[in-house]
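What follows is a single structure, written as structure tokens, with notes after it.
The values are calculated or read from the model by the stated rules, or taken from the named source; none is laboratory data. Just so it is clear, the structure is predicted and the values come from calculations on it, not from any experiment. Note that we place each Cβ from the backbone using ideal geometry, even for glycine, and neighbour counts take in every protein chain shown.
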Amino acid sequence: MKDTQIAKLIKAEKERQKKVINLIASENIVSKDVLEALGSELTNKYAEGYPGKRYYGGNEVVDKIEILAQERALKLFELSNNKWAVNVQPLSGSPANLAVYTALVPKEGKIMGMSLSHGGHLTHGHKVSATGKFWEQIPYGVDEKTEVINYDELKKLAKKEKPNIIVCGFTAYPRVVDFKKFRDIADSCGAILMCDMSHFAGLVAGKQYPSPFEYTDVVTTTVHKTLRGPRSALIFSRRDKIVKDKKGKEQTFGDLIDKAVFPGLQGGPHMNQVAAVAVALKEAGTPEFKKYAIQVKKNAKALADELMRLGWHVVSHGTESHLVLVDVWMGGKGISGTEASDRLEKAGIIVNKNTIPGETRSAFDPSGIRLGSAAETTRGKKEKDFIGIARKIDKILKTK
Ligand SMILES: *Cc1c(COP(=O)(O)O)cnc(C)c1O
């Protein structure tokens, strides 16, 4: 690279990544092939529109790439093209969610989503996000005692509030989600059911987490978390879901979502990114990836079990995914999430501070830290390594 300043910084970041233990639950380490696709000449191409329906010339190659990405997305999650549509153009998870609401939720309609402090994402209707400015959030949370979702309470709330859409799938919820119960709740109030599987999509692909597709109308996901692809997102929607517009014209959810992505919210898709998505989706369908997903879960469990054994409060008393949420404040007996994350960073362990259910501190200085096993499992770490990491964390956090 001729630009020595940037070249130096890229090298420094590469070295930083190699040096640390990365426990950020939303990060991973992509393959060389994914990097190659991202760094390819595809970045030069404008391709506004969809395959066969572009607004620019010269799209014969990128059309093939986008179609391949769509086919691989459906194949990975065992979906038939007759039943499900997929949009591979969203630039990332947040714009993907915004596109779904733009397509399917009327102005000032209601989004029922988990509140931020209980593990929901900003784009599930939180008021600092556009999704909470254009629509009203009906927040729900976990049960204070069990720290897992109480589906009966949820159903009562849904029947009372009658949201337009219910969002399940979270950003800091270590347990599996009961999609069948969510379907029942959505049906009880006539809501659309959307799953945002951003965090656990890789585990669904590796068959280590229940698949949301049987029960939901729309599924969104980022590609860069457990799915181990480039920063990007996908939107799946059921083809048999039809909406009539003001003129009485029938459109599927997929038609409306495609229009919301482009021209509604975005311009030209990032075709280098779409190609990298296709590469990652192929990788995620291999037997090696399934082994990886199995190990991700085993490692998270080893980490959670050891931290609990050492006396830490792990939210919901364990994990059924790649994610472990630890209450390090423990009602004042411990340290704050910020201090924990700072201390760990000094020791080369990268985590993020996180609110915990029933948070008594603030979002900027919360009570917890969130840990994930996805990145270090890519590096080949096993249960014994994660037990070692738990002990290291314990020592660092307990030092006076
Ligand atoms: C990460 C995440 C997103 C947002 O993804 P970005 O790519 O950061 O915009 C949305 N929803 C959930 C549940 C997430 O975990």
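With the structure loaded, tell me whether LEU98 is over 29 Å from CYS189 (Cβ atoms) and within 16 Å of the ligand (Cβ to nearest atom) or whether it fails that test.
Taking the combined requirement at face value, the residue does not satisfy it.
Among the residues that make up the range 138-154, is at least one of them touching a His at 6+ places or on another chain (Cβ under 7 Å), of a type outside the set (S, T, N, Q), within 16 Å of the ligand (Cβ to nearest atom) and not in a loop (DSSP other than H, G, I, E, B)?
No, the range 138-154 contains no residue that is touching a His at 6+ places or on another chain (Cβ under 7 Å), of a type outside the set (S, T, N, Q), within 16 Å of the ligand (Cβ to nearest atom) and not in a loop (DSSP other than H, G, I, E, B).
Is it true that GLY248 is of a type outside the set (Lys, Arg), modelled with pLDDT under 95 and more than 30 Å from GLU41 (Cβ to Cβ)?
yes
Would the range 156-171 turn up any residue that is in a loop (DSSP other than H, G, I, E, B), in contact with a Gly (Cβ under 9 Å, 6 or more places away or on another chain) and surrounded by 24 or more Cβ atoms within 10 Å (Cβ to Cβ)?
Yes, because at least one residue in the range 156-171 is in a loop (DSSP other than H, G, I, E, B), in contact with a Gly (Cβ under 9 Å, 6 or more places away or on another chain) and surrounded by 24 or more Cβ atoms within 10 Å (Cβ to Cβ).
Would you say LYS107 is away from the ligand (no atom under 12 Å from the Cβ) and outside any helix (DSSP H, G or I)?
yes
For (1) touching a residue at least 24 places away in the same chain (Cβ under 8 Å); (2) surrounded by fewer than 18 Cβ atoms within 10 Å (Cβ to Cβ), each residue gets a yes or a no:
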site	(1), (2)
PRO212	yes, no
HIS224	yes, no
ARG231	yes, yes
GLU250	no, yes
VAL274	yes, no
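Among the numbered conditions (1) within 26 Å of VAL243 (Cβ to Cβ); (2) surrounded by 19 or more Cβ atoms within 10 Å (Cβ to Cβ); (3) hydrophobic (A, V, I, L, M, F, W, C); (4) within 14 Å of the ligand (Cβ to nearest atom), tell me where LEU116 comes up short.
(1)
Give LEU193, LEU203, LEU157 a once-over and let me know the one that is farther than 17 Å from PHE77 by Cβ and either more than 12 Å from the ligand (Cβ to nearest atom) or free of Cβ contacts under 8 Å to residues at least 24 places away in the same chain (or both).
From the options LEU193, LEU203, LEU157, the qualifying one is LEU157.
Of the residues in the range 343-400, how many are within 21 Å of GLN17 (Cβ to Cβ) and either in contact with a Gly (Cβ under 9 Å, 6 or more places away or on another chain) or of a type outside the set (Asp, Glu) (or both)?
29
Which ones in the range 76-99 are closer than 28 Å to GLU288 by Cβ, out of contact with any strand residue (DSSP E or B) (no Cβ under 9 Å at 6 or more places or on another chain) and assigned to a loop (DSSP other than H, G, I, E, B)?
GLU78, SER80, ASN81
All but one of (1) of a type outside the set (Phe, Trp, Tyr); (2) out of contact with any helix residue (DSSP H, G or I) (no Cβ under 8 Å at 6 or more places or on another chain); (3) surrounded by fewer than 22 Cβ atoms within 10 Å (Cβ to Cβ); (4) not in a helix (DSSP H, G or I) hold for LYS180; state the number of the condition that does not hold.
(4)
Report, by residue number, each residue of the range 206-219 that is within 14 Å of the ligand (Cβ to nearest atom) and either modelled with pLDDT under 95 or out of contact with any helix residue (DSSP H, G or I) (no Cβ under 8 Å at 6 or more places or on another chain) (or both).
Correct list: VAL219 only.
Looking only at the range 39-58, decide whether some residue is modelled with pLDDT of 95 or more, closer than 30 Å to GLY348 by Cα and either touching a helix residue (DSSP H, G or I) at 6+ places or on another chain (Cβ under 8 Å) or crowded, with 16+ Cβ neighbours inside 10 Å (or both).
yes
Yes or no, residue by residue, for (1) modelled with pLDDT of 95 or more; (2) surrounded by fewer than 23 Cβ atoms within 10 Å (Cβ to Cβ):
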{"position": "LEU323", "(1), (2)": "yes, no"}
{"position": "TRP329", "(1), (2)": "yes, no"}
{"position": "GLY337", "(1), (2)": "yes, no"}
{"position": "LYS353", "(1), (2)": "yes, yes"}
{"position": "ILE356", "(1), (2)": "no, no"}
{"position": "ARG361", "(1), (2)": "no, yes"}
{"position": "SER373", "(1), (2)": "yes, no"}
